[in-house]
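Take a look at the structure below.
The values are calculated or read from the model by the stated rules, or taken from the named source; none is laboratory data. Since we're looking at a predicted model, the values are computed, not measured. Neighbour counts run over all protein chains shown; Cβ positions are idealised from the backbone, glycine included. Heavy atoms of the whole protein, side chains included, go into the accessibility calculation; ligands, DNA and RNA do not. Shrake-Rupley method; radii C 1.70, N 1.55, O 1.52, S 1.80 Å.
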Amino acid sequence: MPAAFAALPTSAAWRFVDAVDGFEVVHPTPGRLRGHTSALEDGRTYAVRYEIALDDGWRTREARVWSDAVDGPRSTVVRSDGDGTWTVDDAPAPHLDGLVDVDLEASACTNTLPVHRLDLRVGEVVAAPAVYIRAQDLAVVRLEQTYCRRPDGRFDYTSQGGAFRAVLTYDDAGLVLDYPGIAVRAG
């Protein structure tokens, strides 16, 4: 059984730091995360809007993502049966088989999904690969990542086969407060 968390706030916001300059706002409701991001990265601007539907076990069932960048607007819809079978824009996506979570490049909020879904014991490394949706072009790829709960309640996070590492700090509701090099909770 996953750890108990406080109720999610009616809204939360993050300021992006370092490589990306921007802001994310999310409005969580039971079974749904609805958010927006506006950012500047490598001299390129983009805005992303998303709606993520979750089942009672915090497994992603659907993510609708819209992006507006210099190259024009785009949208994509990924859907899961809850057991790891996915479609992208209604087409089968076998490269995503076995995945449960969605992780949006344009979001600090989506790092809450595995933390809510998994029973993470102190010191245990848990693989939590995710459906990863890129911000600029909405490409949908598989992202290998791991989480490990530290004794102080923070989490060691790795992705890209360990090439990226960070220690994530969460609040009592399981939302990221500090994602070093990526985002800091602003409200």
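Before moving on, here are some points about what is shown:
- Enumeration of residues in the stretch 30-39 that are at pLDDT 95 or above and out of contact with any helix residue (DSSP H, G or I) (no Cβ under 9 Å at 6 or more places or on another chain): G31, R32, R34, H36, T37, S38, A39
- Number of residues in the stretch 17-39 that are open to solvent by less than 70 Å² (accessible area, probe 1.4 Å) and closer than 10 Å to E51 by Cα: the value is 5.
- Selection count, the stretch 150-172, where residues are touching a helix residue (DSSP H, G or I) at 6+ places or on another chain (Cβ under 8 Å) and either of a type in the set (F, W, Y) or farther than 17 Å from F16 by Cβ (or both): 3
- Which listed residue is farther than 23 Å from A13 by Cα and either modelled with pLDDT of 95 or more or of a type outside the set (G, A, S) (or both), from V167, V176, V140: V140
- Test: residue in the stretch 56-79 that is part of a helix (DSSP H, G or I), among the polar types (S, T, N, Q), within 25 Å of Y170 (Cβ to Cβ) and under 16 Å from the mean Cα position of the chain (by Cα): no
- Scanning the stretch 82-104 for residues that are out of contact with any Ser or Thr (no Cβ under 9 Å at 6 or more places or on another chain), in contact (Cβ under 8 Å) with a residue 12 or more places away in the chain, open to solvent by 70 Å² or more (accessible area, probe 1.4 Å) and not polar (S, T, N, Q) yields D90, H95.
- Test for V115: is it closer than 23 Å to E24 by Cα and at pLDDT 95 or above: no
- Within the stretch 122-139, residues that are more than 12 Å from A47 (Cα to Cα) and in contact (Cβ under 8 Å) with a residue 40 or more places away in the chain have Cβ atoms under 6 Å from residues that are open to solvent by less than 10 Å² (accessible area, probe 1.4 Å) and not in a loop (DSSP other than H, G, I, E, B) in these pairs: V131/V78; V131/L96; V131/V102; I133/V65; I133/L104, counting only partners at least 6 apart in sequence or on another chain.
- Tallying residues that are closer than 30 Å to V122 by Cα, at pLDDT below 95 and of a type outside the set (D, E) within the stretch 9-28 yields 1.
- Annotation: of all residues in the stretch 7-16 being farther than 22 Å from D68 by Cβ and of a type outside the set (A, V, I, L, M), the one that is surrounded by the most Cβ atoms within 10 Å (Cβ to Cβ) is P9.
- Only residues that are farther than 18 Å from V115 by Cα and in contact (Cβ under 8 Å) with a residue 24 or more places away in the chain were counted across the stretch 140-175, and they come to 3.
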